[in-house]
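Q: Quick one: structure below, then a few questions.
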Amino acid sequence: MIAESSLDASKDVRRAAMDLLARREHSFKELTDKLSKRFTDQDLIVEQVEQLRDENLQSDQRFAEMFVRSRISKYHGPIRIKNELRERGVAERWVSHAIREEGVDWITLLEDLANHKYGGQAPADARERARRMRFFQYRGFGFDMIQQVF
C-alpha cells in the first residue's frame, strides 16, 4: 500500500510539473518552489524535476534564453535581466550565455526606450535629467550606457 501511494504521489508531482511547463518555461528553482506549495515531500519534488531536466523537458538554458528575449522586448537592460535570472536560480553560465547569444546592442535599446518613453525630447533641466537617469537605472542600464545616450 505504501509503495502504491508513493507511486501515486510521484505521478501527481510529475503531472503538476508538466502542467506548469506546458504553460511556459520555468527554471529549476521556480519549478521546485511552485511544486513545494502544493506537495510536502521535498525529496520527491527534486527527484521529479531532476528527471524532467534529464529528459530535457526542463532546461535552465532554454528558460534563460526565453527570459532574456522577453525582457529585451520590454526594454529591460542587462543589469536587471541578470539580477532577475539570478533570483530565479539560473546558473551564471546560462545567464551569460543567453545574454551573449541574443547579441543585443544595449545602447540602441536604451535609445529606443528613451524615444519610446520621452518622444525624443531632451530633458528640460537637471532635475528632469536625474529623474530619467533613475528610470533608466531602474530598467537595468548601467551609468556608462546612460551617459552615452545623454
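The values are calculated or read from the model by the stated rules, or taken from the named source; none is laboratory data. Since the model is a prediction, treat every value here as computed from it, not as a measurement. Heads up, the Cβs are rebuilt from the backbone with ideal geometry, glycines too, and the neighbour counts pull from every protein chain shown.
Q: So is A64 of a type in the set (G, A, S), closer than 21 Å to L21 by Cβ and either modelled with pLDDT of 95 or more or buried (at least 19 other Cβ atoms within 10 Å of the Cβ) (or both) or not?
A: Working: of a type in the set (G, A, S): yes; closer than 21 Å to L21 by Cβ: yes; either modelled with pLDDT of 95 or more or buried (at least 19 other Cβ atoms within 10 Å of the Cβ) (or both): yes.
For A64, the condition - of a type in the set (G, A, S), closer than 21 Å to L21 by Cβ and either modelled with pLDDT of 95 or more or buried (at least 19 other Cβ atoms within 10 Å of the Cβ) (or both) - is met.
Q: Separate question: What tally of residues in segment 97-116 results from selecting those that are touching a helix residue (DSSP H, G or I) at 6+ places or on another chain (Cβ under 9 Å) and either in contact (Cβ under 8 Å) with a residue 40 or more places away in the chain or surrounded by 14 or more Cβ atoms within 10 Å (Cβ to Cβ) (or both)?
A: Selection size over segment 97-116: 12.
Q: Determine, yes or no, whether R71 is under 29 Å from Y138 (Cβ atoms), of a type in the set (K, R) and surrounded by 13 or more Cβ atoms within 10 Å (Cβ to Cβ). Don't jump to the end; show me each part of the working.
A: Values: under 29 Å from Y138 (Cβ atoms): yes; of a type in the set (K, R): yes; surrounded by 13 or more Cβ atoms within 10 Å (Cβ to Cβ): yes.
Spelling it out, R71 is indeed under 29 Å from Y138 (Cβ atoms), of a type in the set (K, R) and surrounded by 13 or more Cβ atoms within 10 Å (Cβ to Cβ).
Q: How many of the residues in segment 25-61 are surrounded by 13 or more Cβ atoms within 10 Å (Cβ to Cβ), of a type outside the set (K, R) and within 21 Å of the chain's Cα centre (by Cα)?
A: Filtering segment 25-61 for residues surrounded by 13 or more Cβ atoms within 10 Å (Cβ to Cβ) gives 25-36, 39, 41, 44-53, 57-61.
Going one step further and asking which of them are of a type outside the set (K, R), we end up with 25-28, 30-33, 35-36, 39, 41, 44-52, 57-61.
When the remaining residues are screened for being within 21 Å of the chain's Cα centre (by Cα), the result is 25-28, 30-33, 35-36, 46, 49-50, 52, 57-61.
The total comes to 19.
Q: When you go through A22, A17 one by one, which is the residue that is surrounded by 14 or more Cβ atoms within 10 Å (Cβ to Cβ) and more than 16 Å from the chain's Cα centre (by Cα)?
A: Details: A22 fails: surrounded by 14 or more Cβ atoms within 10 Å (Cβ to Cβ).
Just a single option satisfies the conditions, and that option is A17.
Q: Return the residues of segment 98-116 that are more than 22 Å from the chain's Cα centre (by Cα) and over 13 Å from G77 (Cβ atoms); say none if nothing qualifies.
A: N115, H116
Q: Something else about it: Could you count how many residues in segment 117-150 are under 23 Å from the mean Cα position of the chain (by Cα) and of a type in the set (S, T, Y)?
A: 1
Q: All but one of (1) under 29 Å from Q147 (Cβ atoms); (2) over 15 Å from the mean Cα position of the chain (by Cα) hold for G77; which doesn't?
A: Among (1) under 29 Å from Q147 (Cβ atoms); (2) over 15 Å from the mean Cα position of the chain (by Cα), the lone unmet condition for G77 is (2).
Q: Any chance you could count how many residues in segment 4-62 are hydroxyl-bearing (S, T, Y), under 30 Å from E102 (Cα atoms) and either free of Cβ contacts under 8 Å to residues at least 60 places away in the same chain or in a helix (DSSP H, G or I) (or both)?
A: Looking only at segment 4-62, we keep the residues that are hydroxyl-bearing (S, T, Y), and these are 5-6, 10, 27, 32, 36, 40, 59.
Among the residues that remain, those that are also under 30 Å from E102 (Cα atoms) are: 27, 32, 59.
Restricting the remaining residues to those that are either free of Cβ contacts under 8 Å to residues at least 60 places away in the same chain or in a helix (DSSP H, G or I) (or both) gives 32, 59.
Number of matching residues: 2.
Q: Looking at (1) under 30 Å from I107 (Cβ atoms); (2) at pLDDT below 95; (3) not β-branched (V, I, T), can you tell me which one M1 breaks?
A: (1)
Q: Oh, and also: Report, ordered by the first and then the second residue, all pairs with beta carbons closer than 7 Å, sequence separation of six or more or different chains, a first member in segment 126-150 that is on the phi > 0 side of the Ramachandran plot and not assigned by TED's automatic domain parsing to the domain that holds Y75, and a second member that is at pLDDT 90 or above and in a helix (DSSP H, G or I).
A: G140/P78; G140/I79; G140/R80; G140/I81
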